[in-house]
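Peer 1: Mind looking over this structure? Questions follow.
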Amino acid sequence: MPVPARLLPSWAWVTGLTVGAIAAVTVLGVQADRGTHPTAASAKPKATASAQPTPTASDPARVPDGSGTGRRIVYSLGEKRVWLVDASEATRRTFTVWPGSISPDPGRYTVSSRNPATTGSDGVQIEHILYFAAKSGVSVAFSNAVDGASPPPAASGTATGGVRMRKADGTALWTFGTVGTTVTVVK
């Protein structure tokens, strides 16, 4: 016959709670390890009649020299490409992007804020917005169109700071890029 809980010594309660907490953390850790993780991808956004051309890199998996070390997002202005680099220097994912008409200067930034969804300055519904820089009074942020479409070329004179990507890439970046994550912009 089990001992009623009110008759157990206090150390038994603490031991029972500790064992339960360890078991719960272990189960959650195993589930997290089995979950989806960003992986390296070299797929390019599909071209549409309104899409800007997408450049190709000679070795898209190779993170640009001079992009720093440690866990970071690397954005190459010249290659129009982003890399998600983990703390062990492994590329978790890389993909091409469509920059807006305003680009940040090369340098080191951090993700300053995130917004799950809004309307972009071009009137497109966007999601997974990660703000990391400002230039000429325009905020620069990574995002993707909710409908997954590529942005049309910006109308002349329109200042846009959105760095757009495919929907799947936007989701991966949103998961990777928390507030405070380093963003290194290279030429």
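Peer 1: Taking square-rooted eigenvalues a ≥ b ≥ c of the alpha carbon gyration tensor, is the stretch 98-186 rounded, prolate or oblate, where a/c under 1.5 means rounded and, failing that, a/b exceeding b/c means prolate? List each step's numbers first, then the result.
Peer 2: Details: a/c = 1.76, a/b = 1.09, b/c = 1.61.
Oblate shape, in that a/c is at least 1.5 and b/c is the bigger or equal ratio.
Peer 1: Related question: Just how much of E79 is accessible, in Å², when a 1.4 Å probe is used and the result is rounded to the nearest 10?
Peer 2: Probe radius 1.4 Å; accessible area of E79 about 60 Å².
Peer 1: Below 12 Å, Cα to Cα, which aspartates and glutamates can K187 reach? Residues fewer than 8 away in the same chain don't count.
Peer 2: Of all the aspartates and glutamates, those that pass the test against K187 - Cα under 12 Å, at least 8 places apart if same chain - are D65, E79, D105.
Peer 1: Moving to a separate point now. With a ≥ b ≥ c taken as the square roots of the eigenvalues of the C-alpha gyration tensor of the stretch 58-153, please select rounded if a/c is under 1.5 and otherwise prolate if a/b is larger than b/c or oblate if it is not?
Peer 2: prolate
Peer 1: Which is farthest toward the positive dipole end of the stretch 106-187 among A149, A159, V124, measuring Cα position about the Cα centre, with Cβ charges +1 (Lys, Arg) and -1 (Asp, Glu)?
Peer 2: Result: A159.
Peer 1: Using only the Cα atoms of the stretch 65-115, what do you get for the radius of gyration and for Dmax, in Å?
Peer 2: For the stretch 65-115, the Cα-based Rg and Dmax read 11.4, 33 Å.
The values are calculated or read from the model by the stated rules, or taken from the named source; none is laboratory data. Predicted model only: the values in this text are computed from it and were never measured. Virtual Cβ from ideal backbone geometry, glycine too; neighbours counted across all protein chains shown. Accessible surface is based on the protein model in full, side chains and every heavy atom, while ligands, DNA and RNA are left aside. Shrake-Rupley method; radii C 1.70, N 1.55, O 1.52, S 1.80 Å.
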